[in-house]
Amino acid sequence: MWKQFLSKLPRRSSASGDSGHCSSGAGIQRTSSCGSIPPGRPPASAIRRMSSAVFPSSVVAGIEPLVSFKDVPSSEKQSLFVSKLSLCCVVFDFSDPDRSSVEKDIKRQALLDLIEFVESTNARFSEAAVVACSRMCAVNLFRAFPASCRSGGSSGVGECDEDEPMFDTGWCHLHLVYELLLKFIGSSSLDAKIGKKHFDHSFIVKLLDLLHSEDPRERDCVKNILHRVYGKFMVHRPFIRRAASNVFYQFVFETDRHNGIAELLEVFGSVISGFALPLKEEHKTFLWRVLVPLHKPKSLGAYLQQLTYCVTQFIEKDPELASPVIIGLLRYWPITNCQKEVMFLSEIEEILEATSQAEFQKCMAPLFRRIAHCITSAHFQVTCPNKSYLVTVAVCIFSIPSAIWNQIHSILLVPTACIINLISLVVSLEKKSRL
């Protein structure tokens, strides 16, 4: 009768040297006793022998990690949470899908249990739980990526989109770790004062390094977690901005290769939209020294959409930034790359839509000179010779159907005093039509 009573209590591993074997075995036996063994699954004794070698006693110290959260009292759930996190610190090699398949399934189920617990708990996470979660995520996620000639930035404009994405073979575990980290940081049960100590600057830098991954699913997960970290830990916000700026600097001025520029810019799109007015000089410096130079790399097409959004967010917050941005774009104008020229012109179109007449006048002369040069360039063709000159200019400049372009707005932006600049465009078009 005492045996029946004791069997219902969660068992703790002893501090003796042979506790590792008993710990793993007891946990698995307890799990299998809660329900029938699935068809084709080895018996508990076989699982115990295999898993005891994979999950040593130092990993599963404390309460048995394979016990269900439903089978322990509330006072023990934090300890079970830490124990399951320790078990998940074992990293498997997925190059051989048949190797350690049982242990891989055990870890996967433990990760699912952890995610479910984080979603459902209302109790504050202890500092031990925060430390264990940070450690487990670091062990599983932070790793060196192999050098690849297919890294973003090494190819020409647009070529990077043609490559087939490379997927990580261990994604079945990785995506669960990412999901757990995302939910853990976003949980109301995580005290930000405790979390900021263990999800620190070192953790953030290594998280940014994960954007080098060639797996687009992983980069998307990292992007979402960066969003969550930036929103949760306000004290880390200046550091995140500086660390991200360093990533951009290295990409633009040193390596010219990085896979996660688009994702990092997407994070900053949300960050910029939250900037308070008036804009701080630090934020304007980010625009001049980071966003404008990002137009220089050959792989602009891989992140143009996100970059344009960031730039226009700045201009919408401070319209006086429009003319300096346009002049900055003219400084990085691609003289010999017609495909990149179309991208620049497309971005200028969006910038002009948010530009006031006063700001337009400041940059009008150099902008018209550049447009005139584009029209007379050997790489530029007049696509609609039978239409009026102004409509033709709009079509050539913005490479979109003329019906989409608000021709009236483009004409109203040009005051009477600037007709001479329009004449230079007309003359250029006329010369081009005679060739």
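The values are calculated or read from the model by the stated rules, or taken from the named source; none is laboratory data. Fair warning: this is a prediction, and the values are worked out from it, not measured in the lab. Cβ atoms come from the backbone with ideal geometry, glycine included; neighbour counts cover every protein chain shown.
Numbers below:
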item	result
Considering residues of segment 276-315 that are of a type in the set (V, I, T) and assigned to a helix (DSSP H, G or I) only, the residue surrounded by the fewest Cβ atoms within 10 Å (Cβ to Cβ)	T285
Qualifying positions in segment 316-352 - surrounded by fewer than 18 Cβ atoms within 10 Å (Cβ to Cβ), part of a helix (DSSP H, G or I) and without any contact (Cβ under 8 Å) to a residue 40 or more places away in the chain	E316, E320, P324, I327, R331
Residue that is nearest to E266 (Cα to Cα) [pool: residues in segment 188-222 that are of a type in the set (G, A, S) and out of contact with any Asp or Glu (no Cβ under 8 Å at 6 or more places or on another chain)]	S202
Pair list, Cβ under 6 Å, 6 or more apart: segment 57-72 residue modelled with pLDDT of 85 or more, other residue not in a helix (DSSP H, G or I) and not basic (K, R)	V67/P10; V72/P10
Among residues of segment 84-137, those that are closer than 15 Å to S189 by Cβ and of a type in the set (F, W, Y), counted	2
Segment 80-96 - residue that is touching a helix residue (DSSP H, G or I) at 6+ places or on another chain (Cβ under 6 Å) and among the aromatic types (F, W, Y) and, of those, modelled with the highest pLDDT	F81
L265 vs. criteria under 21 Å from L180 (Cβ atoms), under 16 Å from the mean Cα position of the chain (by Cα) and buried (at least 19 other Cβ atoms within 10 Å of the Cβ)	no
Qualifying positions in segment 197-218 - of a type outside the set (A, V, I, L, M), surrounded by fewer than 19 Cβ atoms within 10 Å (Cβ to Cβ) and not in a loop (DSSP other than H, G, I, E, B)	K197, H198, H201, S202, F203, K206, D209, P216, R217
Residue match in segment 248-261 (condition: within 27 Å of F203 (Cα to Cα), touching a residue at least 60 places away in the same chain (Cβ under 8 Å) and of a type in the set (G, A, S))	yes
Filter pass, S356 being more than 20 Å from L294 (Cα to Cα), in contact (Cβ under 8 Å) with a residue 12 or more places away in the chain and hydroxyl-bearing (S, T, Y)	yes
Tabulated pairs, segment 114-136, first touching a residue at least 24 places away in the same chain (Cβ under 8 Å) and over 14 Å from E76 (Cα atoms), second hydroxyl-bearing (S, T, Y) and surrounded by 19 or more Cβ atoms within 10 Å (Cβ to Cβ), C-beta under 7 angstrom, 6+ apart or interchain	A132/S86
Residues of segment 336-365 that turn out to be at pLDDT below 85, over 34 Å from the mean Cα position of the chain (by Cα) and not aliphatic (A, V, I, L, M), as a count	3
Scan of segment 249-262 for residues that are in a loop (DSSP other than H, G, I, E, B) and crowded, with 20+ Cβ neighbours inside 10 Å, ordered by number	R257, H258, N259, G260
Matching residues in segment 77-108 - criterion: being surrounded by 14 or more Cβ atoms within 10 Å (Cβ to Cβ) and without any contact (Cβ under 8 Å) to a residue 12 or more places away in the chain	D105
